[in-house]
Structure formats: C-alpha cells, structure tokens
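The values are calculated or read from the model by the stated rules, or taken from the named source; none is laboratory data. The model shown is predicted, which means the values in this text are computed figures rather than measured ones. A quick note on method: Cβ atoms are made from the backbone with ideal geometry, for glycine too, and the neighbour counts reach across all protein chains shown.
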C-alpha cells in the first residue's frame, strides 16, 4: 500500500434494524470507531461479477488490520460512514488482503447520503 492511500477518515458502525410501530423498521447504528482508509470504486470484472450474482459491490475500502478491525469484526451487519462526503456504505464482505495480516479489504455497496 503506497503512502497517502489511506486518505479518508471513516467511521465503522454496527447496524441493526428494530421494529417501530405496526409495520415499520427503524435502523439504528452504534457510535462506531474511526479509521483511516482508502476508498476506490470497483472496476471491470469485480463490478460485473457482483452484478451477475445480485450482490451490488460498488466500492473497495482498504484499511489496516488490527485486533479490533479485522474480517471477524467488520461484517455485513456493519455500515461505513464517510462523514465528510456525507455518504454511507454497506459492508458486503471483508477479507485479509493477500493473507498477510496487514490490510483489510472490504467490498461495499454505496447506499447514498447519510
């Protein structure tokens, strides 16, 4: 990972849907934790492969692995907020990039404005 690639301050939040009223669902989010990350849109085969399976992966998010930020603690029950840009991403998958124990890569779907 080149210097300067982790140039966005993001917040990882646990996401839970709770019943609200008769038939409504209210999403709630934890306070979360802030991390430095790199965000890039998916290209080519990653984008089209995800489209074929109905799994919309629009962005790849990369950050440093740590005991609190890893493939077991960042799951599809999390969202990632870019509070500066005002956008929210839903985690689809997370994995140890290249199996080296240094970087976490997250496949995410852009949900839109926070």
Which residue out of 43, 11, 72 is modelled with pLDDT under 95 and within 17 Å of residue 109 (Cα to Cα)? 43
Take the conditions within 20 Å of residue 2 (Cα to Cα), at pLDDT below 95 and either assigned to a loop (DSSP other than H, G, I, E, B) or more than 9 Å from the chain's Cα centre (by Cα) (or both) and apply them to residue 49. Does it pass? no
Within the stretch 77-88, take every residue that is surrounded by 14 or more Cβ atoms within 10 Å (Cβ to Cβ) and free of Cβ contacts under 8 Å to residues at least 60 places away in the same chain and give me the one that is farthest from the chain's Cα centre (by Cα). 87
May I ask you to verify whether residue 34 is surrounded by fewer than 14 Cβ atoms within 10 Å (Cβ to Cβ), touching a strand residue (DSSP E or B) at 6+ places or on another chain (Cβ under 7 Å) and at pLDDT below 95? no
